[in-house]
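A.B. asks: A single structure is presented below for examination.
Any read-out appearing in this document is the output of simple, stated calculations on the displayed coordinates, not a laboratory observation. Just so it is clear, the model here is predicted, and its values are computed rather than measured.
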């Protein structure tokens with residue numbers, strides 16, 4: 001699978017106290033346009049999995065190339081996150097955190113799920129979408145187990 005280039009997303013939700021929680025994911029794709037739906041896969045051994053099961057809502061933030069540090073930061077378990085990258089959230093519809101500066105943001109209600117192995121495949125119906133006004137932005141990509149910058 002490392003030979004398949006992917007974009008990089010940060011999945012956002014809230015913890016039981018209402019604080020934003022995030023994790024990096026590249027197991028993400030469009031499902032259909034009518035109704036607009038997408039899917040993400042989340043491992044059962046992540047904190048995010050429990051929060052999604054409770055909230056039934058997620059944000060999917062497509063990262064831009066300049067957000068590599070955030071991709072690395074949120075890829076670690078919360079107790080192993082080192083460094084202090086600058087980031088902020090805007091709380092969207094239904095209290096779903098939007099990672100400020102992302103290339104695209106999808107605010108989704110979870111409308112389906114399927115457990116397979118050690119992951120759950122979540123289907124999210126897009127309730128709101130925001131796209132960056134920076135039309136020249138490039139997506140952050142991952143390929144061959146490394147951050148990938150095809151434009152450089």
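A.B. asks: Under the classification rounded if a/c is under 1.5, otherwise prolate if a/b is larger than b/c and oblate if not, where does segment 1-80 fall, given a ≥ b ≥ c as square roots of the Cα gyration tensor eigenvalues?
C.D. replies: It comes out oblate by the Cα gyration axes.
A.B. asks: Which of these, 34, 128, 109, has the largest mean-square fluctuation under a Gaussian network model of the chain (Cα springs below 10 Å)?
C.D. replies: 34
A.B. asks: So how long is each side of segment 6-147 along the principal axes, counting just the alpha-carbon atoms, biggest first, in Å?
C.D. replies: 36, 33, 32
A.B. asks: Connecting C-alpha atoms closer than 10 Å in a GNM of the chain, tell me which of 81, 57, 131 has the biggest fluctuation.
C.D. replies: Evaluated over the chain, the most mobile residue of the options is 81.
A.B. asks: On a C-alpha basis, how far is the centre of segment 1-18 from the centre of segment 99-152 in Å? Whole number, if you could?
C.D. replies: Comparing the Cα centres of segment 1-18 and segment 99-152, I get a distance of 7 Å.
A.B. asks: Here's a follow-up. How large is the direction-averaged shadow of the alpha-carbon convex hull of segment 67-152, in nm²?
C.D. replies: Across all orientations, segment 67-152 yields a mean hull projection of 7.9 nm².
A.B. asks: Just to be sure I understand: with springs between alpha-carbon atoms less than 10 Å apart, which residue in 63, 33, 99 has the highest mean-square fluctuation in the Gaussian network model of the chain?
C.D. replies: Ranking 63, 33, 99 by mean-square fluctuation puts 33 first.
A.B. asks: Taking the Cα atoms of segment 75-114 alone, what are Rg (to one decimal) and Dmax (as a whole number) in Å?
C.D. replies: 13.3, 35
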